1. Taking interchain pairs and intrachain pairs at least six residues apart, which have beta carbon atoms under 6 angstrom, with the first residue in region 138-164 and touching a residue at least 60 places away in the same chain (Cβ under 8 Å) and over 23 Å from Trp198 (Cβ atoms) and the second of a type in the set (Phe, Trp, Tyr) and outside any helix (DSSP H, G or I)?
2. Among the candidates Arg588, Arg571, single out the residue that is more than 16 Å from Ser533 (Cβ to Cβ), at pLDDT 85 or above and either in a loop (DSSP other than H, G, I, E, B) or of a type in the set (D, E, K, R) (or both).
3. Please name all residue pairs, on different chains or six or more residues apart, with Cβ atoms under 8 Å, provided the first residue is in region 196-216 and is closer than 15 Å to Gly175 by Cα and the second residue is outside any helix (DSSP H, G or I) and of a type outside the set (Ser, Thr, Tyr).
4. Determine, yes or no, whether Thr118 is more than 20 Å from Pro26 (Cα to Cα), outside any strand (DSSP E or B) and among the β-branched types (Val, Ile, Thr).
5. Does region 55-71 include one or more residues that are among the charged types (D, E, K, R) and more than 37 Å from the chain's Cα centre (by Cα)?
6. Pairs only if they're at least six apart or on different chains, beta carbon under 6 angstrom, first in region 380-401 and in contact (Cβ under 8 Å) with a residue 12 or more places away in the chain, second among the basic types (Lys, Arg) and open to solvent by 40 Å² or more (accessible area, probe 1.4 Å); list them, first residue then second.
7. Given (1) open to solvent by 30 Å² or more (accessible area, probe 1.4 Å); (2) among the small types (Gly, Ala, Ser); (3) without any contact (Cβ under 8 Å) to a residue 24 or more places away in the chain, identify the lone condition not met by Gly46.
8. Considering only residues that are open to solvent by 10 Å² or more (accessible area, probe 1.4 Å) and of a type in the set (Ser, Thr, Tyr), which ones fall in region 521-553?
Amino acid sequence: MRAVFGVLGPVSAWDDAGEPIALKGPRHRAVLARLIVARRRVVPVGHLVDDLWEEPPAGAVSAVRTFVAALRRALEPERPPRAPARLLVTEGPGYALRAEPDAVDAWRFERAVTAAATLPPADVLVRLDEALGWWRGPGYAEFAEAPWARAERAKLAELRLHAVERRAGARLALGLAAEAVPDLDAHVTEHPWREDAWRLLALALYRTGRQGDALAVLRRARALLVEQLGVDPGPALRQLEADVLDQAAHLDVARLDVTHLDAAGPDAERPSGVDPAPASEVRPAPGPDAPDPAGAAARVWARAAADYDRAVSAGARARLESTVGLLRSLALTGGEGLEAARAHRVAAVAAAEELGDPELTARVIGAYDVPAIWTRADDPEQAARIVAAAERTLAALPAPGHAAARARLLATIALETRGTRSPTDPPEAADLATLAVAGSPASAAPASRSPAPQAPAPRARRAAREAEEIARSLDDPALLAFALGGRFMQCFERAGLAPDRDAIGAELVALSARHGLVAYEVLGHLIRVQARSALADFATADRHAAAVDDLADRHELPLVGVFTQWYRALRLVAAGHPTGLEAEAAYRAAAARLDGAGMPGLERGLLPLALLGLRMSHGRAAAGDTGVRDTGARDTVPGADGEWGPYAPWVRPLALLAGGRRAEAATALRAAPPPPHDLLYEALWCLIGRAAIGVGDRAVMRLTRTQLLPSKGELAGAGSGLLTLGPVARHLAALDAALAEPEGS
């Protein structure tokens, strides 16, 4: 007897006479369904146990064997006793269903939809009508909540929607627009986010003489997309609306409703009334002597994009993954490209979550592995939304498995939670006053007491470590590079970690050079520029800066030059030019390059802070000297925080001191938050220390000294690769001198 299986609806089986095969209870059907999902591969008994029960009973393994034995009797009733099974076989640690490729309706359906892409419209209509008729309900209907069925159900549902739209395209190509309208109307009502379905419905209405209804449909689609998803219709819908308003002649023929016509070749038989695709879209590339103003690259891009638009439906999930790959490249162009990539990335993640497929969402989030060198987010709100989506997706991913996807999600959390803390982390001290009290000798626990328990590492730091561990275990170079980028972003828990970051950069350079990961090779060199600058090893930093510029030139990475230009301004400061005028000019030129670079998290407040550091590095070493007084009127006005951007809380006390408002400066100092754990951590503590000396706040002086001591051998702020406030040792010496003076003097 030959068994045939159905999963496009409730899980069922029939014999070769078409009679139903009794599958007994729900656990039996679950075992059968789980084996069908495995597609002839072996499923270990342990996996079956985990899939069948949330809390397996003591005899779960024996129960699975009982279910399998019962299924074998039902599926092969004529098999002699003790003869080996031929259909539901035992192999290694588990079982496999060796069904023929055409014995499962879902497998036949997939092949039918794939084959339809190369058939003429009449055959497409026949083939897809038959295939869609196999559906008896949602795929694996009674296992809608089972994690093991989720991905297969989602895949089949997407294929079915694609088949409905392809069948409608075939009807339009055959001049059967009126027949297509009812099915498409129901289709868009049930699935309102599928732009290609809206396009087909509007086109069908137009071809039946209902121009007003076609426009109403397009405007309804626009309203839904804008109001519900916050996105505008795609180019295909926008173009169709313009064409309907213009009553464009090409709308009256089935020019691009199905893609098989070009695939079948120029001599393929075409149905009456169907024009081929425009010559501009199918003609071969021009010869070497033909005019080619746009260039070969532009020509290839345009044709590939047009082919993709025709071949992949607007609602296909593959579009989301392809889009993220495009956004990744767009982000590396800088400027408007970087800003657009960030905005579209959030929309892509939201669209993936809307589909309810955590595996797809994980791929969409994790595919945007754009390296980052600056530790302050350009758009904190967007970053927080990405982190929240990654956390939700991690919780929803089926376990076990999906190690690479988990690593990418964890690395994303580490990368996007930069200079901030996760909402799940315990709160930090709100201001320096609280932190100073907590760190004072009077607040320390008596020696007789047990030490306080160690606080857990912040969520993002734990995520970075876990991502790195997974990537190393999988031996995946690209994944490891992404994870190392996340670890770099979380390597700022205290001052003095430049050597640790230098090691990360060195590994990234070596790993990326071996495996052709250009963007991460650039990141590795930039990390080493920063770390070696912090350690005052400018000879090595110079070599890495030169390597970065060379890679950027060869691979068209315009953003990279922003960082190397700032680094060269830092070099002038570190070289100690007698007047600092050359360094100031270099900083102003570097700041001009930031305008329009698409990196507001880097741009805001950076130039004033760099100029403040320049003045501190040129003889402003006296304990009471703020260094702010020489930076110009705008910088010395207390409260003129717009100039200082995110650094205002730590500059404000110095500005108040420069204006002679000591009491207000003391209040502002204590109200300032602790500096974020980022590339300017040491620099901001130096500003705090300078202000604490100026107002005579000994508790904050001691706190600052404790924070800065691990970085005693570094240049304050130079770990940014952009600016410096001079040697940390000099700031520590000023603190020590102030603390050595009698209190109240």
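The values are calculated or read from the model by the stated rules, or taken from the named source; none is laboratory data. Source: prediction; values computed, not measured. Don't worry about glycine lacking a Cβ; one is built from the backbone with ideal geometry, like all the others, and counts go over all protein chains shown. What goes into the accessible areas is simple: the full protein's heavy atoms, side chains included, and nothing from ligands, DNA or RNA. Shrake-Rupley method; radii C 1.70, N 1.55, O 1.52, S 1.80 Å.
1. So the pair list comes out as Ala149/Tyr140.
2. Working: Arg571 fails: more than 16 Å from Ser533 (Cβ to Cβ).
Of Arg588, Arg571, the one residue that is more than 16 Å from Ser533 (Cβ to Cβ), at pLDDT 85 or above and either in a loop (DSSP other than H, G, I, E, B) or of a type in the set (D, E, K, R) (or both) is Arg588.
3. Leu200/Asp257; Leu203/Asp257
4. Values: more than 20 Å from Pro26 (Cα to Cα): yes; outside any strand (DSSP E or B): yes; among the β-branched types (Val, Ile, Thr): yes.
Criteria met by Thr118.
5. As a first pass, look at region 55-71 and keep what is among the charged types (D, E, K, R): 55, 65.
Then keep just the ones that are more than 37 Å from the chain's Cα centre (by Cα); that gives 65.
Looking for residues that are among the charged types (D, E, K, R) and more than 37 Å from the chain's Cα centre (by Cα), one finds at least one in region 55-71, hence yes.
6. What qualifies is Gln382/Arg342.
7. Result: Gly46 fails condition (3) only.
8. The one that is open to solvent by 10 Å² or more (accessible area, probe 1.4 Å) and of a type in the set (Ser, Thr, Tyr): Thr540.
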